[in-house]
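The values are calculated or read from the model by the stated rules, or taken from the named source; none is laboratory data. Because the structure is a prediction, the values reported are computed rather than measured. In this analysis, Cβ positions are derived from the backbone assuming ideal geometry, glycine residues included, and neighbour counts consider all displayed protein chains. Each accessible area value is taken on the protein alone, full model and side chains, heavy atoms only, with ligands, DNA and RNA left out. Shrake-Rupley method; radii C 1.70, N 1.55, O 1.52, S 1.80 Å.
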Amino acid sequence: MRIRLLTKFVLVMGALALTPAIYMAAHLSTVSQKGIQASVLELHTSLAGALADQVEAYLKVNDEKILFAANSLMQDLTWEQKQLVLRSLIDTHPDVMDISALNRRGLEVIKVYNPKLSAESPLANRSAEEGFIAAASGRHNARVVARIGDDVVLLAYYPLNESVILRVAVSLVAFSEWIGSKQAGGTGFAVIVDGKGEPLFYPRELVSPETLTDLPRWPIVAAALQSKSLGSSEFSDAQRRELVGAYAPVRSMGWAAVFIQPRDEAYAASLEMRRTSRIILIIVVAVTIIASLLMARLLTSPLLSLTQAAESVAKGAFDVSVKISTRDELQDLAETFNKMAARLQAYAALQIDRLVAEQRKTQAILYTIDEGILLSDDRSNLQLANRRALDMLAIDPEVPFEGKPLSEVAAASGLTAAVADSAAQSKPEAFIDVELGEAKSRVFFRVRSLPVKIADGASSGAVVTALRDVTFEKALDKMKDDFLHNITHDLRNPLGSVIGFVEMLLKGGAGELTAQQRTIILSMQRSLSRQLSLINNILDIAKMDSGRTQLQLKSVSPAEFAARSMGMLESLYIQKKLNVVLAIPPELKLTADSDLLERVITNLLGNAIKYTPAGGSITIGAEEIEGGKAVRFCVADTGPGIPEAYLTRVFEKFEQVTGQRSGGTGLGLTITKHFVEAHLGRIWVESELGKGSRFCFTVPQGLAVAENGAVVAS
Ligand code: ADP
């Protein structure tokens, strides 16, 4: 994946700047949030505790006052005096509504009331009241909270003696209002719940009774009633409102004081702090990103200009200059780059001059040489042609030919067709000769095409074609051919008949020869046959060099042509007292040019006779090898042998083993090798110095001449 430098800079710088900021912000906000929440809960807990204490204190004072009055009633006083005591209680305790003494059946026997809080009412029967029943059964200090009309009333029952129970009704309206004023925050409130969790006192103007209908089931109320000490918790009510609260038990009554506040409100400060820290963090992030973007751009823009300049240089536009004034290493780099670009530009200019000069030279050569040169591209469209080619192909130089096929611009002729054929073949050795014109003004062209190779040796698809006027060479060839022909007739033929006559003289065709005559004629015969072989060799070499060795293939018998060779040289080896053995099976047959193979055997046998000292022996053998695929001929002698260094050299033109000069030309083995290779065979010599030489050659079976005149093996 490719990430731009700018992006990398922004990411790294952003990460470096932001990681600590985000960590600190998150850490501080969590720590402060926890701190604030803990202190909020602590405050609530202490408020609940204080409230519970105040409720306890109120109830205690209440009790103490009433007990004081009750004790007074126990004194031996008249009813008027007792009534006065009760009245003074009402006066000192403005919340007391009425006080009555009940007999054991629950009937009020005496009653005083606080005119400010209740109306005069007849003596009543209290036997059904819960508190009375409890007090009558012996419980001291039985207290019941009841509702009388809108008032919340605390009914306290005190058994004075066996027959009288004091009943005091205390209005808790003021108490309730006082509790209702205990608020926390905007909507937090205090509630006193009884032992069943039912709300006794709470701010009625703040909290509707419906809100508190399921109060006994609120987790905090359950916790408050179960716990014997202070506590706090976060919880949700039935409507899933998130609340926090604290509680404290009111032990004397089995009640609990509970402070409840919506969570958001209670933690408003911490939430506010969190929000503020988030906003600050966002601002920091934004500022950091912008700052790192600007910084990164500041750092990368010189690099970008350098990159763009380098790209231009890569495309060959060297006239670029980078202007960076950062007064640091980047500025140094830019200055070095500018110098480099300037040097490259100078160099390129030099190269261009050189190229132009080279091109001019190439053009000069192309347009001056006597050969016609054509360049066609991979789609066979002409791309270049020198003046000579235009002349030869009769292309109008005024008409642009570039990009057009040859057939479109050149007049149809044998030469045009040959150029197309040659370009299609485009083989390094192949050429096509074309003959144009009438008998007297005959012109010859040689067309040769070569594929254009590119640097790594692969073919580019383009082809260069060279057209050469070979009329003069052809004429020379003809003259050479005629000369050779004449030599053959005028030089070799008379020599042949002289040799024939010498043979005849030796055989006594002109009468018996004296010993002296015979010696003279034998010497003549040796000189004549050496001269004939010299002439033969020179003619063969000339033929070979002009590449005109044509094989006349037919089925031949090696035993026959080898015997003919032997016969030709018979007088030579008899004279030298050499034992020549022909070891070729008469039934062995071969498809070959028997004249040429006879010449090969004659050459090898002639050499063997020449180099083998008198009394030696020579064997001419032939046999099938490779399971009948070829025939191997060998001529072995018991002569001096050939040094190892000469084993291959003797087959080269004019090579003779030093010290063995014997009037030869050094051409015999060269011609022999050429004739063997014309038969697609191979020739070699095996030799051990002092023991003799063995010249062998192979000829494949089943040779044939193909349509194009070439010899092929089956
Ligand atoms: P030349 O006309 O000299 O015989 P060749 O090409 O026939 O030319 O032979 C080349 C040389 O090879 C000879 O000069 C001779 O030194 C050596 N040579 C050829 N045949 C024999 C052989 N049978 N024994 C020893 N040397 C040989």
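Dipole size of the stretch 658-714 about its Cα centre, with +1 on Lys/Arg Cβ and -1 on Asp/Glu Cβ: approximately 240 debye, rounded to the nearest 20.
Using a probe of 1.4 Å, the accessible surface attributed to Arg694 totals some 90 Å² when neighbouring protein chains are kept in position.
Measure nothing fancy, just the Cα-based angle from helix 329-368's long axis to the longest principal axis of the chain, in degrees from 0 to 90, nearest 10. The angle comes out near 30 degrees.
Counting only heavy atoms of the protein chains and using a 1.4 Å probe, Tyr611 has close to 70 Å² of accessible surface. Over the stretch 4-62, with every protein chain in place, what whole percent of the accessible area is carbon and sulfur at 1.4 Å, could you tell me? Heavy-atom surface of the stretch 4-62 belonging to carbon and sulfur, 1.4 Å probe: 75 percent.
Largest to smallest in accessible area, the residues Leu375, Leu123, Leu406 fall in the order Leu123, Leu375, Leu406 (1.4 Å probe, all protein chains included).
In the chain, the sites counted are GluC sites (Glu not before Pro) in DSSP loop states with at most 10 other Cβ atoms within 10 Å, and the longest stretch holding none of them, exclusive of the sites, is 206-397. Rolled with a 1.4 Å probe across the full set of protein chains, the surface gives His679 an accessible area near 0 Å². Ignoring lysines fewer than eight residues from Lys111 along the same chain, the ones with Cα atoms less than 22 angstrom from its Cα are Lys65, Lys82.
Rounded to the nearest 10 degrees, the inclination of helix 668-678 to the longest alpha-carbon principal axis of the chain is 50 degrees.
Quick query: amide H of Val470 versus all other amide H atoms, modeled in the peptide plane; which residues come in under 5 Å with a sequence gap of 5 or more or a different chain? The answer is Phe444, Phe445, Arg446.
Distance distribution P(r), the chain, all Cα-Cα pairs, bin width 20 angstrom from 0: 11, 18, 13, 10, 9, 9, 10, 10, 7, 2, 0 percent. Name the shape class, rounded, prolate or oblate, that the alpha-carbon gyration tensor gives for the stretch 304-418, where a ≥ b ≥ c are the square roots of its eigenvalues, rounded holds for a/c under 1.5, and otherwise prolate holds if a/b is larger than b/c and oblate otherwise. Prolate shape, in that a/c is at least 1.5 and a/b is the bigger ratio. Here, the stretch 10-101 is characterised by an Rg to Rh ratio of 1.65, where Rg is the alpha-carbon radius of gyration and Rh the Kirkwood radius.
Here the dipole of the chain is about 1520 debye; that uses its Cα centre as origin and unit charges on the Cβ of Lys and Arg (positive) and Asp and Glu (negative). Sorted from longest to shortest, the spans of the Cα atoms of the stretch 502-627 along the three principal axes equal 53, 35, 28 Å.
For Arg682, the residues whose amide H sits under 5 Å from its own are Thr698, ignoring neighbours fewer than 5 places away on the same chain, with H placed 1.01 Å from N.
Shape call for the stretch 518-571 from the C-alpha gyration tensor, a ≥ b ≥ c root eigenvalues: rounded (a/c under 1.5), prolate (a/b greater than b/c) or oblate? Because a/c hits 1.5 or more and a/b fails to exceed b/c, the stretch 518-571 counts as oblate. Based on protein heavy atoms only, the stretch 1-151 ends up with 61 Å² per residue of surface accessible to a 1.4 Å probe. Summed over qualifying helices (DSSP H, 4 residues or more, each -39500 (n - 2.57)) and divided by its residue number, the chain shows a 222 nm mean residue ellipticity of -16000 deg cm²/dmol. Note on the stretch 564-680: Lys pairs 8 or more places apart or on different chains, Cα atoms under 21 Å apart, count 7. I'd like the distance separating the alpha-carbon centroids of the stretch 20-89 and the stretch 327-391, in whole Å. Each part reduced to its Cα centre gives a spacing of 108 Å.
Dipole of the stretch 65-183 computed with +1 at Lys/Arg Cβ and -1 at Asp/Glu Cβ about the Cα centre; of Leu172, Leu86, Gln75, farthest Cα towards the positive end is Gln75.
Ordering of 377-387, 518-528 by packing is 377-387, 518-528, highest average first (other Cβ atoms within 10 Å, averaged per residue).
Remark: the stretch 416-465 carries a charge dipole of roughly 100 debye about the Cα centre, counting +1 on each Lys and Arg Cβ and -1 on each Asp and Glu Cβ.
Can you classify the stretch 406-526 as rounded, prolate or oblate using the Cα gyration tensor, where a ≥ b ≥ c are the square roots of its eigenvalues, rounded means a/c under 1.5, and otherwise it's prolate if a/b beats b/c and oblate if not? Judged from the Cα gyration tensor, the stretch 406-526 comes out prolate (a/c at least 1.5, a/b above b/c). Mean separation of Cα pairs under 8 Å and 6 or more residues apart, divided by the residue count, gives the chain a relative contact order of 7 percent.
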